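**Student:** Handing you this structure, nothing more for now.
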Amino acid sequence: MMKPSFLEDVEVIKLITKSREEFVKGNHCKALEILEDLIFDHKKDKDSWFLHIKQGTMFVKLEDITENPDVGFAYLVASVQCYSQDVILSRLCAMGFYNLAKQLGSVSYYKQCVKKSKQDLSVTYPENTSPVARSMLQELKKDMKKEFNTLIRDAERMIAGAKTSPLSSESKVWEPKKSSDLVDDEIQELRSYWMGLDIKIKRDFMKVSIAKLKSFVEGVHNREGRDVFEKVLTSAKADRKWTFWMCRSKCLKKLSSAEECKNHFEQQHDADFKNASKKDMVQRIGKDWARKISVGAWEPVDTVAAVEMIKNRLADVKAFAPKNGWSEEWPLDADEDRSKLLKEIKLLLVSLCDHKILPSSIREWLMRFPVQHLAKLDVSEQSLIDSHLVGTPQSICFLESHELNQILDFLKTIKCKRNDGTDLVCRAVDSFLDHTRVKEKIDFDPQFSFLLLDKRLLKCKDVPFDDEGTINVFDPNAHYAKAPAQGDDIISWLTDYNSVDTIFPRPIREHNFGIWVAVLKAVQFTFSFLGKKYAKKYLVLDYDAALTVVENLCMSEDERRKNLLEDQWNRYASLLCDSCEERVSENSITANFFLWAVRDVLQGASHPTFDFLDSEDCMILIRQRKSLSDDIALKSIHHLKSVVTHKVLLIDSKILLIDNSRITLLTNLTRLSAFDNRTYILRLLKPFLLNEIVNMESNAKSDIAAAYLLLEEEKKSRSKKKKNNKRNSTSLSTPLDKTVEHEPSVNLEPGVTSPSLKIVKEDFMEPEDTRAGERGRLEISSNTDNQEEATKFDPDMQNMPREDSLSEHMESASGEASARYNSALDMTLKALLNIKILKEYLMHNMQPFQDHLEEPVPSALQTLFTAFVSEDIKIEGVYSCLLSDLLVSVEEMFSMVCVEKLSDADAAEVVVAIFEFWHCWKYRERESLVTRLFTLEENERMSCIKCRSRPNYPEQRSHGIVVAADSIRDLKCALGNMKFVDILKVTRMEYKMLCDTRSGGCGRTNIVHHIISRCPPIFTIVLEWEKSETEKEISETTKALEWEIDISRLYEGLEPNTNYRLVSMVGCSEVEEEHICIAYEKNRWVNLKRESLVGEDIGNWKSVVRFCGEKKVRPEILFYEAARWMA
């Protein structure tokens, strides 16, 4: 019973479908991986052609979309190999060969195209195939005889044209585009900074703390990234090598060396030709003979004098001491013609050796010439052995000019190159490996707590590739003690990501998988050509054997004639004809070869012919030449023997030429199979080090700014000499050359019970220097009575509406929606609702809060949250109605907590009011929503630079910071390419305190250090504007902002790289005269429309900056979300 097809397996069909879907989605490696695994499992199935055509079609599509033409050619070769696996795919295979031939101008591929096209015209398709494959089979059965006859004619025309002039090639050299993540100005600043560093700092920079790097990895790539990093380190410690080899096929075998990997491919994945027996395999000459050819003088020997020495002074000849097979004792001939011929022969043989296409059969053929020549001079083979002339090319120097010409003419017919596209595939491999090969060594200290970078990075750019990846252990201090630090090439290295894997982490099998499979197919592609050459060689050898039988029959007739009269002799032709008559009835392969050989001899053929005519037709031709003279027959035999010998030798050299392609492709497949863990390490290490040096530079700028502030303070203190108004924990403001504004923080004290808000001005030492537009902390005052009154203003606020009442609620509010609108409230709510962690928090905590609220919450706010969590808020019109309803509640509450009316409030005041509402959103056992998500618990520390006093100040709570917009703009202009977070840091340096004399201090003013122990999920920055900025000033301010900040540079007590990313911001547009909200949605920035959650696309961050400048939008509130929450 026939085994059922794998195409009847449901799971297989699912995998084939998944492969197609993954390819459509752009996951080409995954698609190829699925098919490659299926072929591995079902390559012997009768319907395996279905998988080959699927994979071949994928390679054709990849060739079409690939930018690099070399890679595209590799994919095209792979597709032809897929189509060549089954005769029913001959049509596709012929078209593939035609495309290969067209790209290369290859006669060989045009010939294959003709052969496959003719094969397709006579192919028989299977009838009982799986229903899944039936439709594809119908496509293959379509009558395309006309088209393929045209294809055949085109290919034959190109083959004929190649005999007169070389075919043109369409292949082009591709130059990849280079890019850098940093702009030239930023790189140049880093170069300048690095050049100014002390050599000890530079050497210390080369020692990378594994603990710090691990923390950085976890912050950027989460737990998965850290696990991969730890696995890489564990492997490095165990193997003391960064590099290993892995087979990308389904076996996924890990290998320790390139040689082991190559052997694995040859033994397990058909990467070596095995269809010939060992004795028939073509062998290259050994290194010993190759050395003898190259080092010899190749001077003509005086043959007559040399033969006389061999015959009469053999003992002296035996005493010769040849060096590398060459003896200087032989007498030389001054024949210039022979000398020239020998030099040409040497050059050709050396070239064949260099190209590794000189087979041992040619060496044996060459050595037959001196044996035969000296035999004519009565020198025996034993004498040649005694004379050290066997096994050395010097014996060729004994030959005469006509023999040397025969050798030279033949050697000139051997081709040293094969136009098969192997060089293009190798270039394709290089283009992939250029991104993964590593030059820099990375070692460890004895405790494996530091990575030690290659000290050559300190002084030079061009270092050789370190493909071995051996790991050494050094004492860091001794290792870098004398390392010179010259130039700034390390900055180029840090910003060059060519040797870095752009995707981290990912399975090793996915690395270069597409090109890996293509090159494996290319290796296997050479086997079809090797098989054809060996088949042709066997054919010629069989013919040669038949020709030898013909020759022996003639020789036996010569022996018989010695005892007979001439009239009793048989003609060679008659004898051969009679022998054919005896064999024709055998109908065997041996008999057929004998018939063909006799026919060619009697017809005087110039080359052997294998036309496979009917044996009876062959006999008719033989009988017609039965009276041929012996001399002509004998001459024809010798000619055909010579031609056959040359054919076998040429086939051997061509086999080696094809095998060279196999070896080259196999070497490149092995290179692709190597994996260097340093590509993972560098993917983590370079951003970490770049961040470190950027931070070092920024800290240096901050230190300069701080020193300048202190210097200005000293100047003012000496010039004014006025008495300071001192108080405990007093704030001090000192302008920085009239550009640094006071930057108090938003201080909402969520721990107190009163919702009434007021703006409290800090008492500054020098109020005359304080601008009127500056604001102090936004604080909550304590007043329990006010709290009780606030909770009584709406008796229904405790009744939480259900989700199914939203439509009724919309109807009651729709009449008011058009009449009342507040853009500050609308846009601030949208900015808040765009924060991912806020939604997640509400989803997990809505029900507990509803059931156990400690204080009543406005019903409009509860309704809004309910719709937000359930996503009913996205229904058209819902948000508009909820906003109108909420506006009524907010106006009543706003009148209690603020001096201004809601209609007069800016976005900062609105967000304060919203935070106050959210303080109610709590119950006894849990902190409020605002405390949990927005609150910074900040400690201020001061260390007096004069008396070293360190007073303690109570912890303060805030929700972010307030900064003057013109301070940001002015500092950006004054300090150049400075990060936004460092600008914030400098503005905070102006906030100083007096060393309190009442507690033993000296009265000196000092910079305050800001310390936090807990990072809130959401970090808020409020910008204050003067409302009179020009479009240019608004644009310059917005350019200074950044969508990602590291608040560990702003606050002490945090791990490095505590990154926050901007998710939304509220701004006021002077053009539209109302507030707008810009939010980050689905990898782009959008401008959210009025009373709607629909966004208008803006683009990337640069587009946002341009948008704000054109629309004169002043960003007022920036909401940043912790990157670890977003991951």
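**Student:** Taking the condition of being closer than 30 Å to F244 by Cβ, assigned to a helix (DSSP H, G or I) and touching a residue at least 40 places away in the same chain (Cβ under 8 Å), how many residues in segment 406-441 meet it?
**Tutor:** Looking only at that region, the number is 10.
**Student:** Give segment 119-170 a look and list any residue that's of a type in the set (V, I, T), free of Cβ contacts under 8 Å to residues at least 60 places away in the same chain and closer than 20 Å to L51 by Cα, or say none. Spell out the reasoning first.
**Tutor:** Initial filter on segment 119-170 (of a type in the set (V, I, T)): 123-124, 129, 132, 150, 152, 159, 164.
Narrowing further to those that are free of Cβ contacts under 8 Å to residues at least 60 places away in the same chain: 123-124, 150, 152, 159, 164.
The answer is V123, T124.
**Student:** Do we find a residue being free of Cβ contacts under 8 Å to residues at least 60 places away in the same chain and in the same structural domain as V644 (by TED's automatic domain parsing) anywhere in segment 515-532?
**Tutor:** Residues of segment 515-532 free of Cβ contacts under 8 Å to residues at least 60 places away in the same chain: 532.
Restricting the remaining residues to those that are in the same structural domain as V644 (by TED's automatic domain parsing) gives 532.
Within segment 515-532 (the criterion being free of Cβ contacts under 8 Å to residues at least 60 places away in the same chain and in the same structural domain as V644 (by TED's automatic domain parsing)), the answer is yes, since at least one residue qualifies.
**Student:** Pick out, from segment 464-571, the helices (runs of 4 or more DSSP H) lying fully within it that include 3 or more residues that are of a type in the set (S, T, Y) and either surrounded by 14 or more Cβ atoms within 10 Å (Cβ to Cβ) or in contact with a Phe, Trp or Tyr (Cβ under 8 Å, 6 or more places away or on another chain) (or both). Steps first, please.
**Tutor:** On the way: elements: 476-480, 489-495, 513-561.
Passing ranges, in order: 513-561.
**Student:** Between residues in segment 242-264 that are over 24 Å from D41 (Cβ atoms) and residues that are surrounded by 14 or more Cβ atoms within 10 Å (Cβ to Cβ) and basic (K, R), which pairs lie under 6 Å by C-beta distance while being six or more apart or on different chains?
**Tutor:** Sorted first by the residue in segment 242-264, then by its partner, the pairs are W242/R678.
**Student:** Residue under question is E260, and the condition is that it be more than 30 Å from K340 (Cβ to Cβ), in contact with a strand residue (DSSP E or B) (Cβ under 9 Å, 6 or more places away or on another chain) and not aliphatic (A, V, I, L, M); does it hold?
**Tutor:** On the way: more than 30 Å from K340 (Cβ to Cβ): yes; in contact with a strand residue (DSSP E or B) (Cβ under 9 Å, 6 or more places away or on another chain): yes; not aliphatic (A, V, I, L, M): yes.
When the stated conditions are applied, E260 passes them.
**Student:** Which of the residues spanning segment 329-372 are hydrophobic (A, V, I, L, M, F, W, C) and touching a Leu at 6+ places or on another chain (Cβ under 8 Å)? Let's see the steps before the verdict.
**Tutor:** Step one: list which residues in segment 329-372 are hydrophobic (A, V, I, L, M, F, W, C), which gives 330, 332, 334, 341-342, 345, 347-350, 352-353, 357-358, 362, 365-367, 369, 371.
Listed by number, the residues that qualify are L341, L342, I345, L348, L349, L352, I357, L358, I362, W365, F369, V371.
**Student:** With polar (S, T, N, Q), in contact with a Cys (Cβ under 8 Å, 6 or more places away or on another chain) and surrounded by fewer than 19 Cβ atoms within 10 Å (Cβ to Cβ) as the only criterion, which of S235, S215, S257, S294 stands out? Don't jump to the end; show me each part of the working.
**Tutor:** Numbers: S235 fails: in contact with a Cys (Cβ under 8 Å, 6 or more places away or on another chain); S215 fails: in contact with a Cys (Cβ under 8 Å, 6 or more places away or on another chain); S257 fails: in contact with a Cys (Cβ under 8 Å, 6 or more places away or on another chain).
Criteria check complete, one pass: S294.
Rundown of residues vs (1) surrounded by fewer than 22 Cβ atoms within 10 Å (Cβ to Cβ); (2) of a type outside the set (G, A, S); (3) within 23 Å of S823 (Cα to Cα), yes/no style:
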position: I1034; (1), (2), (3): no, yes, yes
position: E1052; (1), (2), (3): yes, yes, no
position: P1056; (1), (2), (3): yes, yes, no
position: V1071; (1), (2), (3): yes, yes, yes
position: K1089; (1), (2), (3): yes, yes, yes
position: V1105; (1), (2), (3): yes, yes, yes
position: C1108; (1), (2), (3): no, yes, yes
position: K1112; (1), (2), (3): yes, yes, yes
position: R1124; (1), (2), (3): yes, yes, no
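**Student:** Considering only segment 266-291, state which residues are surrounded by 13 or more Cβ atoms within 10 Å (Cβ to Cβ), at pLDDT below 90 and not in a loop (DSSP other than H, G, I, E, B).
**Tutor:** The one that is surrounded by 13 or more Cβ atoms within 10 Å (Cβ to Cβ), at pLDDT below 90 and not in a loop (DSSP other than H, G, I, E, B): E266.
**Student:** Would you please list the contacts, defined by Cβ atoms under 9 Å and residues six or more apart or on different chains, that run from a residue in segment 1088-1100 that is over 14 Å from L833 (Cα atoms) to a residue that is among the basic types (K, R) and assigned to a loop (DSSP other than H, G, I, E, B)?
**Tutor:** Once the first residue is over 14 Å from L833 (Cα atoms) and sits in segment 1088-1100, its partners that are among the basic types (K, R) and assigned to a loop (DSSP other than H, G, I, E, B) give E1096/K1089.
**Student:** Counting just the residues of segment 577-620 that are over 59 Å from the mean Cα position of the chain (by Cα) and on the phi > 0 side of the Ramachandran plot, which one comes out surrounded by the most Cβ atoms within 10 Å (Cβ to Cβ)?
**Tutor:** G604
**Student:** Next question. With respect to the numbered conditions (1) surrounded by fewer than 18 Cβ atoms within 10 Å (Cβ to Cβ); (2) more than 14 Å from N1057 (Cα to Cα); (3) of a type outside the set (D, E); (4) modelled with pLDDT under 80, which one is the sole condition not fulfilled by N222?
**Tutor:** The one condition N222 does not meet is (2).
**Student:** Another one. Between V80, V12, V60, V107, which is under 19 Å from T129 (Cα atoms) and in the same structural domain as M158 (by TED's automatic domain parsing)? Outline the logic, then answer.
**Tutor:** Details: V80 fails: under 19 Å from T129 (Cα atoms); V60 fails: under 19 Å from T129 (Cα atoms); V107 fails: under 19 Å from T129 (Cα atoms).
Of the residues listed, the single one that is under 19 Å from T129 (Cα atoms) and in the same structural domain as M158 (by TED's automatic domain parsing) is V12.
**Student:** Anything in segment 975-1000 that is part of a helix (DSSP H, G or I), more than 44 Å from the chain's Cα centre (by Cα) and of a type in the set (D, E, K, R)? List them, or say none. Break it down stepwise before answering.
**Tutor:** Here is the first cut: in segment 975-1000, the ones part of a helix (DSSP H, G or I) are 975, 980-989, 997-999.
Remaining after also requiring more than 44 Å from the chain's Cα centre (by Cα): 989, 997-999.
Answer for segment 975-1000, where residues must be part of a helix (DSSP H, G or I), more than 44 Å from the chain's Cα centre (by Cα) and of a type in the set (D, E, K, R): just R998.
**Student:** Still on this model: I need the full set of residues from segment 1112-1127 which are modelled with pLDDT of 85 or more and either part of a helix (DSSP H, G or I) or closer than 26 Å to S1048 by Cα (or both), in order please.
**Tutor:** Of all residues in segment 1112-1127, those modelled with pLDDT of 85 or more come to 1112-1122.
Of everything in segment 1112-1127, those that are modelled with pLDDT of 85 or more and either part of a helix (DSSP H, G or I) or closer than 26 Å to S1048 by Cα (or both) turn out to be P1115, E1116, I1117, L1118, F1119, Y1120, E1121, A1122.
**Student:** Something else about it: Looking at S698, S717, can you tell me which residue is within 36 Å of the chain's Cα centre (by Cα) and either of a type in the set (A, V, I, L, M, F, W, C) or modelled with pLDDT under 75 (or both)?
**Tutor:** Values: S717 fails: within 36 Å of the chain's Cα centre (by Cα).
The match here is S698.
**Student:** Then there is this: Take residues that are at pLDDT below 50 and tell me which of the helices (runs of 4 or more DSSP H) falling wholly in segment 785-896 contain 2 or more.
**Tutor:** Details: elements: 806-817, 823-833, 836-851, 859-870.
Of the helices (runs of 4 or more DSSP H) lying wholly inside segment 785-896, those with at least 2 residues that are at pLDDT below 50 span 806-817, 836-851.
**Student:** Taking segment 931-974, which residues are acidic (D, E) and without any contact (Cβ under 8 Å) to a residue 60 or more places away in the chain?
**Tutor:** Answer for segment 931-974, where residues must be acidic (D, E) and without any contact (Cβ under 8 Å) to a residue 60 or more places away in the chain: just E955.
**Student:** Of the residues Q372, Q394, which single one is assigned by TED's automatic domain parsing to the domain that holds P300, within 20 Å of E308 (Cβ to Cβ) and in contact with a Gly (Cβ under 8 Å, 6 or more places away or on another chain)? Reasoning before the result, please.
**Tutor:** Details: Q372 fails: in contact with a Gly (Cβ under 8 Å, 6 or more places away or on another chain).
After applying the criteria, what remains is Q394.
**Student:** Let me ask you something else. Test each condition in (1) out of contact with any Asp or Glu (no Cβ under 6 Å at 6 or more places or on another chain); (2) buried (at least 20 other Cβ atoms within 10 Å of the Cβ) for D409 and report the one that comes out false.
**Tutor:** (2)
**Student:** Shifting gears a bit: Out of all the residues in segment 304-347, which are modelled with pLDDT of 95 or more and either of a type in the set (A, V, I, L, M, F, W, C) or outside any helix (DSSP H, G or I) (or both)?
**Tutor:** Across segment 304-347, the qualifying residues are L341, L342, I345, L347.
**Student:** Okay, next question. Of (1) assigned to a loop (DSSP other than H, G, I, E, B); (2) of a type in the set (A, V, I, L, M); (3) within 30 Å of E8 (Cβ to Cβ), L137 satisfies all except one. Which?
**Tutor:** With (1) assigned to a loop (DSSP other than H, G, I, E, B); (2) of a type in the set (A, V, I, L, M); (3) within 30 Å of E8 (Cβ to Cβ) applied to L137, the lone miss is (1).
**Student:** Kindly establish whether F6 is under 14 Å from V517 (Cβ atoms) and surrounded by 13 or more Cβ atoms within 10 Å (Cβ to Cβ). Give the steps one after another, and end with the answer.
**Tutor:** Values: under 14 Å from V517 (Cβ atoms): no; surrounded by 13 or more Cβ atoms within 10 Å (Cβ to Cβ): yes.
No: the conditions fail for F6.
**Student:** If you don't mind, another one. Please determine, by comparing only the residues of segment 936-974 that are touching a Phe, Trp or Tyr at 6+ places or on another chain (Cβ under 6 Å) and not in a strand (DSSP E or B), which one is nearest to S1048 (Cα to Cα).
**Tutor:** The qualifying residue nearest to S1048 (Cα to Cα) is H959.
**Student:** Can you find even one residue in segment 301-323 that is farther than 28 Å from V644 by Cα and in contact with a Cys (Cβ under 8 Å, 6 or more places away or on another chain)?
**Tutor:** The answer is yes; a qualifying residue exists.
The values are calculated or read from the model by the stated rules, or taken from the named source; none is laboratory data. Model, not experiment: these values are computed from the prediction. Cβ sites come from the backbone with ideal geometry, for glycine too, and all protein chains shown count toward neighbours.
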